[in-house]
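To start, the structure under review is shown below, and the notes come after it.
All of the numbers you see were taken from the coordinates with simple rules; none came from a lab. Note that the structure is predicted; figures quoted are calculated from it, not measured. Cβ placement follows ideal geometry from the backbone for every residue including glycine, while neighbour counts extend to all protein chains displayed.
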Amino acid sequence: MKKRLSEGSKETVRTVYGHQIWLATHRAFVVPSVLSVLLVAAILIGYFAGHADPTRAYALSEAAGLAQMKIARATEEDRIQIVEQINLEEQLSQEKVRNDSLAVELDQQQNEMSNIQDTILNALMANLTDKMVSRSGASESSYTTEAKNLISLNKKLLAFKKTDMAKEVDLTEYENLLTKRLAHLPTLKPVPGTLSGYGYRRHPVFHYYHFHPAADMPNKTGTPIKAAGAGKISESGYSRTEGNYLTINHGNGFTTTYMHCSKLYVSTGDVVEKGDKIAAVGNTGTSTGAHLHFEVKLYGSPVNPKSIVLE
């Protein structure tokens, strides 16, 4: 089983470089030390200058005052930067906690969705298995029941695939098994029209009473004939009675035969899929008009096509 998971939202966290964090951490020690050195230097310059030259001393004193103002201003700016840095680190910490929480929540949601998918798929597979017929105990009635069940399940699956929930649940494994099982059951009507003439009746040409093991499907010459189910062409050719004909072995005990064809599009040994065009309706062989002689057998015994043709 293939599972489809919902995508969570992604959030981007700003990067704080290592030297910024180091500076913020040691700023309380570095900034006062630098300011103290600058202040002592300014005082010493003023002192020595005052003893040397009054004019120069005044200028240096004024310069020292400006330096002290710059130091005070720098101290205030540093405090602001420290506060901003602390606020930034706090925001980053909160965002990391929030991201971690979202990641945990997303993992939980994904696990829950995975469990739901497993539950749905297991239930469907169990239901499908229950509706399948064991090949060893197969009979016409059991196959007919299976065909009806599989067709019903397939219709429900097609309807489900049109819903929004189908995007969240991967049913590929279930669909493949259902399709494969149904493909080899000869449930598809080979040409449009009615299925009639199966059972005891009077022969339309020789007029004797006999058992007719097939359904006749009148149609126009050249009408495409489709394979009732997937399988392999086990026999094909021409005879005076059957005209152009072919037989498909469906690999599950079923065979289908198509007679009186105007043309054959496949040969013995070819593999065909359900619904493939295999021949065209005709009036060859012992026939009174254009029609398809459609014969279904299960383990060699004739089956009324009406009981198995459901599509």
* **Packing rank of 222-234, 151-163, 259-271, where each peptide gets the mean count of other beta carbons within 10 Å, highest leading** => 222-234, 259-271, 151-163
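Which entries in the list K155/K306; K277/K306; K156/K306; K263/K306; K155/K297; K162/K263 go over 31 Å, if you measure between the two C-alpha atoms of each? Don't jump to the answer; show the numbers that get you there.
On the way: K155/K306 20 Å; K277/K306 21 Å; K156/K306 23 Å; K263/K306 25 Å; K155/K297 26 Å; K162/K263 40 Å.
Correct reply: K162/K263.
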* Give a quick list of chymotrypsin sites (Phe, Trp or Tyr not before Pro) in the range 169-209 that DSSP marks as loop, anything other than H, G, I, E or B, with at most 12 other Cβ atoms within 10 Å. => F206, Y208
* Asked: So for the pair E235, H210, with labels modelled 7 Å out along Cα→Cβ, what separation do we get in nm?
  -> 1.5
* May I ask you to compute the full-extension gain from D164 to S93, defined as 0.36 nm times their residue separation minus their alpha-carbon distance, rounded to one decimal in nm? => 21.7 nm
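Can you give the extra length, in nm with one decimal, that the chain gains between K263 and Y200 once fully stretched, where that is 0.36 nm per residue apart less the Cα-Cα distance?
Numbers: separation 63, 0.36 × 63 = 22.68 nm, distance 2.87 nm.
Separation in residues times 0.36 nm, less the Cα-Cα distance, equals 19.8 nm.
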* Asked: What residues qualify as long-range amide H neighbours of S196, i.e. H under 5 Å apart, gap of 5 or more or another chain, H built at 1.01 Å from N?
  -> D216
